[in-house]
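The values are calculated or read from the model by the stated rules, or taken from the named source; none is laboratory data. All of these numbers come straight from a predicted model, not from anything done at the bench. With ideal geometry, Cβ positions are generated from the backbone for all residues, glycine too; neighbour counts draw on all protein chains shown.
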């Protein structure tokens with residue numbers, strides 16, 4: 001197993017390319033589109049770097065996985081699928097998220113069924129000699145999945161989405177629709193139960209001043225140092241701390257465009273007769 005992690009600086013998001021070297025099969029996790037909110041421009045420079053790397057090494061992308069419906073960046077799953085192929089998959093409980101935001105934005109994403117497939121907790125995906133097992137990790141959203149990657153000669157690697165951040169940043173927020181701090185605590189415990197040597201690959205890093213960006217951390221480090229949920233933190237302590245912090249958080253900068261695209265599997269809105277595409281901005 002070989003893992004290449006790409007950092008999208010504008011949204012502070014990681015996209016992970018997981019490669020089975022013998023078969024040259026690969027899976028891409030949490031792809032990111034370039035989007036400028038002030039101009040509405042969508043482009044693909046970040047994805048093109050990954051696509052070029054895949055082509056240069058003769059890789060076959062079998063799956064494009066989303067850990068959840070992201071609220072802070074636009075998925076580039078469909079652009080990458082057009083260039084490289086692969087099935088775009090997300091957790092089956094995405095339907096609850098779609099139902100909510102279809103009502104908010106006047107969409108029809110649940111009936112459109114634009115994802116190539118829905119993954120249930122416990123399902124396994126094979127990429128060459130690598131097995132990826134879906135682990136339900138709700139709390140940030142009800143549909144969050146982490147992917148546990150195993151091969152015969154490697155430690156366990158876990159792609160945790162927004163469930164955990166680096167120890168000095170903490171954990172995901174739980175104030176989105178369907179979010180639940182107690183559920184997030186239990187999800188973190190299920191990740192910790194994978195063992196101290198398990199390697200956790202982040203979806204984001206927001207490094208404090210003076211620290212370099214990091215994409216991976218061990219369970220041992222998280223249990224020792226996570227500022228919100230260390231190994232000795234109780235459920236009640238975590239819940240109180242998480243809810244107090246969430247009460248003072250602003251909405252993510254790109255939440256309105258991101259949700260409209262991401263509940264639709266990364267598809268942009270359809271063009272009108274003049275070839276224009278529009279996103280909606282609800283007014284309150």
Going through (1) touching a helix residue (DSSP H, G or I) at 6+ places or on another chain (Cβ under 9 Å); (2) free of Cβ contacts under 8 Å to residues at least 24 places away in the same chain one by one, residue 36 fails only at (1)
Residue check, residue 22 modelled with pLDDT of 95 or more, out of contact with any strand residue (DSSP E or B) (no Cβ under 8 Å at 6 or more places or on another chain) and either surrounded by fewer than 18 Cβ atoms within 10 Å (Cβ to Cβ) or part of a loop (DSSP other than H, G, I, E, B) (or both) | yes
Note on residue 247: of the conditions (1) surrounded by fewer than 11 Cβ atoms within 10 Å (Cβ to Cβ); (2) touching a helix residue (DSSP H, G or I) at 6+ places or on another chain (Cβ under 9 Å); (3) at pLDDT 95 or above, unmet is (2)
Checking 6, 63 in turn, the sole residue that is under 26 Å from residue 216 (Cα atoms), touching a helix residue (DSSP H, G or I) at 6+ places or on another chain (Cβ under 8 Å), part of a strand (DSSP E or B) and at pLDDT 95 or above turns out to be 6
The residue that is farthest from residue 78 (Cα to Cα), considering only those in segment 267-284 that are out of contact with any strand residue (DSSP E or B) (no Cβ under 7 Å at 6 or more places or on another chain) and surrounded by 14 or more Cβ atoms within 10 Å (Cβ to Cβ), is 279
Subject >> Boolean, residue 42 is part of a strand (DSSP E or B) and crowded, with 16+ Cβ neighbours inside 10 Å >> reply: yes
Among 187, 146, 126, the single one that is modelled with pLDDT of 95 or more, closer than 30 Å to residue 209 by Cβ and assigned to a strand (DSSP E or B) is 146
Result of the Cβ filter at 7 Å on segment 54-71, keeping first residues that are on the phi < 0 side of the Ramachandran plot and in contact (Cβ under 8 Å) with a residue 60 or more places away in the chain and partners that are in a helix (DSSP H, G or I) and crowded, with 24+ Cβ neighbours inside 10 Å, at least 6 apart or interchain, is 66/77; 69/94; 69/97; 69/259; 69/262; 70/262; 71/259
In segment 52-78, residues that are over 20 Å from residue 204 (Cα atoms) and in contact with a strand residue (DSSP E or B) (Cβ under 9 Å, 6 or more places away or on another chain) total 9
* Asked: Does residue 242 qualify as being farther than 14 Å from residue 176 by Cβ and either at pLDDT 95 or above or surrounded by 13 or more Cβ atoms within 10 Å (Cβ to Cβ) (or both)?
  -> no
- prompt: Has segment 79-86 got any residue that is touching a residue at least 24 places away in the same chain (Cβ under 8 Å), surrounded by fewer than 18 Cβ atoms within 10 Å (Cβ to Cβ), in contact with a helix residue (DSSP H, G or I) (Cβ under 9 Å, 6 or more places away or on another chain) and not in a helix (DSSP H, G or I)?
  reply: no
Does at least one position in segment 121-139 carry a residue that is under 21 Å from residue 204 (Cα atoms), in contact (Cβ under 8 Å) with a residue 60 or more places away in the chain, crowded, with 16+ Cβ neighbours inside 10 Å and touching a helix residue (DSSP H, G or I) at 6+ places or on another chain (Cβ under 9 Å)? no
Scanning segment 251-276 for residues that are assigned to a loop (DSSP other than H, G, I, E, B) and either under 20 Å from the mean Cα position of the chain (by Cα) or on the phi > 0 side of the Ramachandran plot (or both) gives 251, 252, 253, 254, 263, 264, 265, 266, 267, 268, 275
Sole miss for residue 118 among (1) in a strand (DSSP E or B); (2) under 17 Å from the mean Cα position of the chain (by Cα); (3) crowded, with 19+ Cβ neighbours inside 10 Å is condition (3)
Only one of (1) in a loop (DSSP other than H, G, I, E, B); (2) within 20 Å of the chain's Cα centre (by Cα) does not apply to residue 281, and that is (2)
